[in-house]
Amino acid sequence: MSNNYQSKISRRDGIKWLGSLASVVVIGGVTVACDGPAPEAIPVDPSSHWPDLKFEPITGPKYGQDPKVAEPTRPWSLTFTSAQRNLVAQLCDILCPADEGGPSANDVGVPEVVDEWISAPYSSQQQDRVLILNGLQWLDDEANRRFGRAFLAASNDEQIAILDDIAFKAQASKPEFIHAVQFFDKLRTLVLGGYFTSPEGVEDIGYMGNVPIMGDYPGPTEEAMAHLEEVITNLPA
Amino acid sequence: MASFDGFEYEVVVVGSGAGGGMAAHILTEAGAKVLMLEAGRDYDPYEETPMFNTNDEAPLRGVSTSDKNFGYYDATVDGGWQVPGEPYTTAEGTEFLWWRARMLGGRTNHFGRITPRFNARDFKPFSQDGMGTDWPLDYEEVGPWYDQCEKLIGVSGANVGNEDIPDSAEGVLQPPAAPRVYEILCEVAAKKLGIPLIPMRRAVLTRAIDEREACFNATECGRGCSIGAAFQTTTSLLPWANKTGNLKIVTDAMVKEVHLNDEGMASGVTFVNRKNKEDVRVDASVVILAASACETARLMLNSKSEMFPTGIANSSGQVGRNLMDSTGSDISGYIPALRGRPKYNEDGLAGNHIFIPWWDYEGQDNGTLKFKRGYHFEFGGGFGAPGMGIADGVDGYGKSAKEAVRFNYGSNFYMALRGEMVENENCYCEIDDKVKDKWGIPVLKFHWKWSQQEIDQAEHGMEWGGKIIEAMGGVVTSPKRTGEEAILAGGQIIHEVGTTRMGDDPKTSVTNKWGQTWDVKNLYVMDGSVFVSNPHKNCTLTILTLAMKNATYLAQQLNGDVS
C-alpha cells in the first residue's frame with residue numbers, strides 16, 4: 001500500500017458531497033426531493049478496497065403516472081439475497097436499536113423498506129442500490145480483512161469497530177473510507193427514515209396530525225406557547 | 001346550435017381547470033349550453049383522493065419519483081414535468097420545466113390554494129417603473145370581481161390593510177387559521193427587521209359552503225380534497241355547472257385545432273379522442289380556450305389558415321410571446337431553540353397560516369433596490385408527517401442517532417421566495433416543427449432567459465431570508481449562493497402566464513380586456529394566457545376572477561345577440 005498517495009478528493013469535497021444529499025426544493029408548500037443526476041462518482045483510492053461492483057439497473061415495472069393512490073400497491077419485486085437481507089437486519093439493529101422511545105428498525109420491518117427502495121426501478125433508487133450493495137460487500141470484505149470472518153460472523157465489538165470508522169461524516173476525509181461513509185450515510189437515511197415513517201416511528205416521534213379536527217384549528221397548546229415565549233425572550237437582539 | 005352525442009350547445013370550452021371551470025359555471029348559470037373538452041381522463045376526487053393515507057402505505061414511503069414528481073400522493077394524473085408520449089423541447093441553453101396534468105379539473109386538483117389578489121400597482125407596472133406593460137384593466141374594475149370570486153370559491157384570510165395584498169370587501173373572507181409556533185416566531189423575528197407577516201389568503205374553507213365542508217385540519221391539499229374544503233373545480237364549478245343541465249363534459253378529448261370559417265370566425269375545433277386516436281370535429285358558435293397558458297398558445301399556433309398563417313388570431317405575432325413564470329428560490333435552516341419543543345398538532349390548513357408579503361415598495365420606488373418588482377415568502381417547518389428525509393443531517397448510529405432525529409423534529413425551517421418577473425423577449429414558446437406528440441400534434445419549444453431583474457431579486461431574497469432565519473435564532477444550512485445560482489428554472493413554480501396577453505392595442509396584444517381575441521370575434525381566451533404581467537401573487541385567483549368577469553360579459557353578449 002502506498003502511504004504517500006494523496007487522494008484527489010479533498011476533505012472539503014467529501015463533506016460537500018455529503019451536504020448535497022440534503023438538497024430539497026419547495027414548490028407550492030410541498031417539499032420535493034431532487035431526483036437529480038447521479039452525483040459524480042468519486043474515484044476509488046488505492047488505499048480503499050471499495051468493491052466498485054457494477055449492477056445492471058433494475059427496469060420496470062414502475063407504478064406509472066396514474067396509480068390508484070388511495071389504494072397503494074408496489075408493482076416491483078424485492079431483490080435482496082437472504083444474506084443481504086440478514087446483514088441489513090443486523091445493521092438496522094445497530095443503527096436504530098430498540099430504546100425507551102420505541103422498537104428497533106428491525107422490529108418494524110425496515111429491512112423490507114430498504115429492499116423495496118433499492119429494488120425500485122427509478123434512477124435515484126438505482127443509484128442507491130449500487131451504493132448499498134457495494135457497501136454491504138465492503139462490510140464483509142472489511143470484516144474479513146480485519147478479523148478473518150464475514151461481518152455477521154464477527155463479534156459485536158468487531159462490528160462496532162468497523163462502523164465507528166464509517167458512521168461519521170467527518171470520516172469522509174479519509175480516502176480509504178469515503179465510499180463506505182457514503183454508503184453508511186445513505187443507509188442511515190433509509191433506516192431512520194423507514195423507522196420514523198412506520199406507524200411505530202410516527203408514534204415515537206410524536207407526530208399528532210393526520211386526524212380530523214372539526215371546527216377552527218386550535219393553534220398551539222398552552223405548553224407549546226409557554227415554550228415559545230421563552231424562545232422569544234431569548235432571541236438575538 | 002351544434003350538437004354532440006345528442007347534446008345541443010353553442011359554446012365549446014377547451015380545458016376544465018380554473019379558467020375553463022369558471023367559464024362553464026358562469027355561462028351555464030346564464031343559460032348557455034356548453035360543451036367542455038378536457039384532454040385528460042375523468043377524475044373523481046370524492047372517490048380517488050388519498051385522504052389520511054400515510055407514508056408507510058405508499059411505495060417508497062411516498063417520496064417523489066420520475067412517475068410522481070411531487071410524491072406518490074400528489075393528485076396529478078398522467079402528468080408532472082413530463083406527460084407520457086407528449087414531449088416538449090427547449091432551445092439550446094434554455095432550462096424550462098412545464099408541469100401538466102391530464103385529468104378533469106387540471107392543475108386545480110393539486111395546487112397550493114394560495115390566493116392573494118393583485119393590487120392597483122400590479123395592473124399598471126409600466127406606469128409605475130417604466131418596465132413591462134400596463135393591463136387594459138385597473139384595480140377599480142377588477143376589485144369587485146375579486147370579491148365575487150373569493151366569495152364564490154371560498155377564501156380564508158383577513159383584511160389587515162396591507163399595501164401588497166388589498167383588503168377584500170367586508171364579509172367576503174372566511175376566518176384565517178391560528179398561526180403555529182414557528183410562524184409566530186417568524187413573525188416576531190421579522191418584525192424586528194421591519195418585515196410584516198399577515199394571514200395567508202387561501203382557497204381553503206374554514207366555514208362550510210353548501211355541500212363543501214370546512215377544512216378538518218388534516219391531510220395535504222396537494223392530494224386533492226374529497227370534502228371540498230380546498231378549492232378545485234372538480235368539487236365546485238364543474239358539479240355546479242353540471243347541475244344546470246347545460247353542460248356536457250367530454251374527457252380524453254385532446255384539442256388539436258381551432259377551425260376558421262370563410263367569414264373569419266371560429267367555427268369549431270377538432271379533438272383527438274385519446275381512447276381510439278380518432279379525430280372528432282365539433283362545431284360551435286363560440287370557442288373559449290382555457291387549456292393553460294402554454295397549451296392554449298400551442299393550440300392557437302397550430303391552428304393555421306390562409307387568413308392566419310402563423311396561427312389563429314395571431315396577427316400581432318404575440319401568441320406564445322411574453323411567457324412568464326414566478327421566480328423561485330429556497331433557503332433552509334433550523335432553529336436550535338425549537339429543538340425538543342412541546343409537541344402538538346401542527347397540520348392545520350396544511351399550508352401557511354401567515355406569510356410574508358412584499359414589504360419594500362419604498363426601496364423599489366426610491367431606487368435603493370437593484371430590482372423593480374416584489375416577491376413574497378412562503379415558509380414551512382413544524383411537526384409534519386415524518387418522511388424519508390427526516391434523518392438528513394444526522395450523524396453516527398444507534399440510540400444517539402435516533403435521539404437526534406427526535407430532538408431535531410419540528411426545528412427545521414425553510415423559506416420559499418416567489419417573485420414577479422418582467423416579461424422579456426427571450427422568454428417565449430413556439431411550435432417545434434420537428435417534433436410531434438403521440439397524437440400527431442406538433443409540440444412546443446421553449447425559450448427562456450431570466451433577466452438581471454429576476455436574478456437580483458433572488459439574490460436579495462436569499463440575503464433577507466437568511467437575515468430572517470438568523471433573527472429567529474436560526475442557522476442557515478443552505479449554501480451561500482448568488483442570485484443566478486439560487487433562482488430556480490423557468491416554469492418550475494408552475495405559474496406560466498402571458499402567452500396571449502390582453503391589451504388596448506391589437507398590434508401588441510392578442511385579446512381585448514374581455515379575453516376576446518382581436519382577430520376572431522367569437523374566439524375567447526380565459527386562462528392565464530391573457531395576463532399582461534405576472535405579479536408575485538400566485539396566479540390562480542386572478543385566472544378565476546378574469547374568467548368570471550369575461551364569461552359574464554360573454555354571457556351578456558350571447559343573451560343579447562344570439563337567440
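Test of the criteria: in region A:104-187, which trypsin sites (Lys or Arg not before Pro) are in a DSSP loop and have at most 13 other Cβ atoms within 10 angstrom of their Cβ? Listed in order of number, the matching sites are A:Arg149. Dimensions of region B:20-173 along the principal axes, based on C-alpha atoms and rounded to the nearest Å, stand at 49, 44, 38, largest first.
Scalar couplings 3J(HN,Hα) for region A:121-136, obtained by applying the Karplus form with A = 6.51, B = -1.76, C = 1.60 to θ = phi - 60°, are x, 10, 4, 4, 5, 5, 5, 5, 4, 4, 5, 5, 5, 5, x, 5 Hz; x denotes Gly and Pro. 3J(HN,Hα) along region B:44-60: 10, x, 5, 9, 9, 6, x, 5, 6, 4, 9, 4, 5, 7, 8, x, 6 Hz, from the Karplus curve 6.51 cos²θ - 1.76 cosθ + 1.60 with θ = phi - 60°, whole Hz, x for Gly and Pro.
Note on the protein assembly as shown: antiparallel DSSP beta bridges, both residues inside, total approximately 75 percent of the bridges counted. Close amide H pairs (under 5 Å, H built 1.01 Å from N) link B:Arg207 with B:Cys215, residues at least 5 positions away or on another chain. Computed 3J(HN,Hα) for region B:75-86, one whole-Hz value per residue from the Karplus formula 6.51 cos²θ - 1.76 cosθ + 1.60 where θ = phi - 60°, is 5, 3, 9, 6, x, x, 5, 9, 10, x, x, 10, glycine and proline marked x. A DSSP coil position with no more than 11 other Cβ atoms inside 10 Å describes the following GluC sites (Glu not before Pro) in region B:57-131: B:Glu92. Dimensions of region A:103-212 from C-alpha coordinates, computed as largest minus smallest value along each principal axis and given longest first, are 55, 33, 26 Å. Tell me the total accessible area that A and B bury against each other, 1.4 angstrom probe, in square angstrom rounded to 100. Summing both sides, the interface buries roughly 7300 Å².
Within the straight-line cut-off of under 12 Å between alpha carbons, the aspartates and glutamates reachable from B:Lys436 are B:Glu86, sequence neighbours fewer than 8 places apart in one chain being disregarded.
Each 10 Å bin from zero holds the following percent of Cα-Cα pairs in chain B: 4, 18, 29, 28, 15, 5, 1, 0. Quote the FRET efficiency, to the nearest 0.05, computed for B:Val475 versus B:Glu92 with a Förster distance R0 of 51 Å and r equal to the Cβ-Cβ distance. E(calc), rounded to 0.05, equals 0.80.
Its residue count N fixes a reference of 2.2 N^0.38 Å for the protein assembly as shown, and the Cα radius of gyration divided by that reference is 0.99.
Classification of region A:172-237 by its C-alpha gyration tensor yields an oblate form. The axis ratio a/c (a ≥ b ≥ c) is 1.5 or more, and b/c is at least a/b. Taking 19 Å as the cut-off, the amide N atoms of region B:240-258 that come nearer than this to a point 7 Å along the Cα-to-beta-carbon line of B:Thr270 belong to B:252-258. Restriction of the trypsin sites (Lys or Arg not before Pro) in region B:443-517 to DSSP coil positions whose beta-carbon has at most 12 other beta-carbons within 10 angstrom yields B:Lys480, B:Lys507. When the C-alpha to C-alpha distance is required to be over 32 Å, the pairs from B:Lys68/B:Lys467; B:Lys243/B:Lys445; B:Lys68/B:Lys480; B:Lys68/B:Lys124; A:Lys54/B:Lys434 that qualify are B:Lys68/B:Lys467; B:Lys243/B:Lys445; B:Lys68/B:Lys124; A:Lys54/B:Lys434.
The values are calculated or read from the model by the stated rules, or taken from the named source; none is laboratory data. Bear in mind the structure is a predicted one, so any value in this text is a computation, not a measurement. Cβ sites come from the backbone with ideal geometry, for glycine too, and all protein chains shown count toward neighbours. We work out accessible area using only protein heavy atoms, side chains counted, and drop any ligands, DNA or RNA first. Shrake-Rupley method; radii C 1.70, N 1.55, O 1.52, S 1.80 Å.
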